[in-house]
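Enquirer: The following block contains the structure, expressed as structure tokens.
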Amino acid sequence: MMLLQAAAKAPDLRYAAPEWLHAAPHMVVTFTDHEQPVRLVLNAGSHLPDAIERIRTFEDLWNVWGDVNQRIYLDSWQDVGGLLFPASRVDQRNGQETAHEQYLDVRFDPALASEAFPVDSAAAAKSLRSPGWDRPFPPQAQTIIPGVWLFQGAWNVSVIEQDDGLILLEAPISASYTAQALDAAARLVPGKPVKAVISTTDSWPHVAGLREAVARGIQVYQLDLNRPLLDRLIAAPHTLRPDDLARHPRPPQWHMVDQALAIPSLRNPIMLIPIRGPSTERQYMVYWPDAKLLYASDTLVLNPDNSLYNPELMHEVAKAVARAHIAPQTVYAMHQAPIPWSRAIGMVP
């Protein structure tokens, strides 16, 4: 209803080319609402909006995709107290169905008890203060081994110093967060460039900062299976909230990891090792052979009671370690500070 009212008031309301939907002819009108382009697909017979389409950004996990094409299908119109209401709603984002709702008992303005929808005031205030995906980067780093620093946060980021430059291990959360991470790396070792970014998983929040790395012309190491996702990520339009890559487009420099790969250096040589388990097929590990240090991607998390969050993941890591014939003594991960390898592996059933 609010969108129909917005359309009626929009100064740029226009007819667009008609289209067929659900094997029926439809009229299409376009307008702008809150700086977002909107299309209403109206049934030519009933004049009801059978579909709403708009280009918008999201604050949830879809934030990484920038301008998202959202299409909402409305169906099963019912008369409720003299008003027509769609009892079925299907949501799509970039062509993928994300929600399907059925309204079984529709009432307008029913009497509700005050406690029907309680809201914790402290939680509400905290939510309002949240910076969302554009959060500040942790200010302090801890040294894991000489030349390897860990910035602990909701998603851990590490900096690796090698002879010819620095490597950023993970580029998560957002372009702005990764920009801060790259700047922090430069402050750790002034004058030494960031030569590469290592990104070890395909989860959207885990790759959300890769657009910033590409914008800066930094080469990116990622798993071969994740290439289609990465190409879509870099090609995704960001016109509503332009990031550095949208302002200054450039092609990515991918280094696809399809087997164990060494990045040699006299200082902190590392190996990139695919895990290839049923739950970890799109992740790979980073290993420092000199220090016997292992970064296990997004597989290791300890619960508050010091049990493993998901033992299966560490079981797959253990198998990958055995296949690679490596002998880690310390392990850490995207959401876990360093712990002894013996402790982590000792909790695997």
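Enquirer: Being without any contact (Cβ under 8 Å) to a residue 40 or more places away in the chain and part of a helix (DSSP H, G or I), is that true of even one residue in segment 301-311?
Expert: Yes, segment 301-311 has at least one match.
Enquirer: Considering only residues that are over 14 Å from V38 (Cα atoms) and in contact with a Phe, Trp or Tyr (Cβ under 7 Å, 6 or more places away or on another chain), which ones fall in segment 51-71?
Expert: L61, N63, V64
Enquirer: Within segment 32-55, can you find the residues that are at positive phi and in contact (Cβ under 8 Å) with a residue 24 or more places away in the chain?
Expert: The one that is at positive phi and in contact (Cβ under 8 Å) with a residue 24 or more places away in the chain: E35.
Enquirer: Quick one: would you say E53 is in contact with a Lys or Arg (Cβ under 6 Å, 6 or more places away or on another chain), assigned to a strand (DSSP E or B) and more than 30 Å from R211 (Cα to Cα)?
Expert: no
Enquirer: Now for a different question. Right, L261: out of contact with any strand residue (DSSP E or B) (no Cβ under 9 Å at 6 or more places or on another chain) and among the hydrophobic types (A, V, I, L, M, F, W, C) or not?
Expert: No; evaluated as a whole, the condition is false for this residue.
Enquirer: When you check A333 against the structure, is it within 23 Å of the chain's Cα centre (by Cα) and small (G, A, S), yes or no?
Expert: So A333 passes the test.
Enquirer: Just give me the residues in segment 61-105 being crowded, with 16+ Cβ neighbours inside 10 Å and on the phi > 0 side of the Ramachandran plot, in sequence order.
Expert: Selection gives G66 alone.
Enquirer: Would you confirm, using the coordinates I've provided, whether V28 is free of Cβ contacts under 8 Å to residues at least 24 places away in the same chain and either aliphatic (A, V, I, L, M) or under 30 Å from I234 (Cβ atoms) (or both)?
Expert: When the stated conditions are applied, V28 passes them.
Enquirer: Same structure, new question: Would you mention how many residues in segment 96-149 are of a type in the set (S, T, N, Q) and modelled with pLDDT of 85 or more?
Expert: The total comes to 6.
Enquirer: Give the residue that is modelled with the lowest pLDDT, with candidates limited to residues of segment 151-165 that are surrounded by fewer than 19 Cβ atoms within 10 Å (Cβ to Cβ) and either under 21 Å from the mean Cα position of the chain (by Cα) or among the hydroxyl-bearing types (S, T, Y) (or both).
Expert: The selected residue is A154.
Enquirer: Only one of these conditions is not met by S76: (1) touching a Leu at 6+ places or on another chain (Cβ under 9 Å); (2) not in a helix (DSSP H, G or I). Which number is it?
Expert: Every listed condition holds for S76 apart from (1).
Enquirer: I'd like to check which strands (runs of 3 or more DSSP E) are fully inside segment 98-174 and have at least 1 residues that are within 26 Å of L233 (Cβ to Cβ), of a type outside the set (K, R) and in contact with a helix residue (DSSP H, G or I) (Cβ under 8 Å, 6 or more places away or on another chain).
Expert: 148-151, 157-162, 165-169
Let's see how each residue does on (1) among the hydrophobic types (A, V, I, L, M, F, W, C); (2) farther than 20 Å from I270 by Cα; (3) at pLDDT 95 or above:
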residue: Y287; (1), (2), (3): no, no, yes
residue: L294; (1), (2), (3): yes, no, yes
residue: T299; (1), (2), (3): no, no, yes
residue: H325; (1), (2), (3): no, no, yes
residue: A337; (1), (2), (3): yes, no, yes
residue: P349; (1), (2), (3): no, yes, no
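The values are calculated or read from the model by the stated rules, or taken from the named source; none is laboratory data. Please read these numbers as outputs of a predicted model, since none were measured by experiment. With ideal geometry, Cβ positions are generated from the backbone for all residues, glycine too; neighbour counts draw on all protein chains shown.
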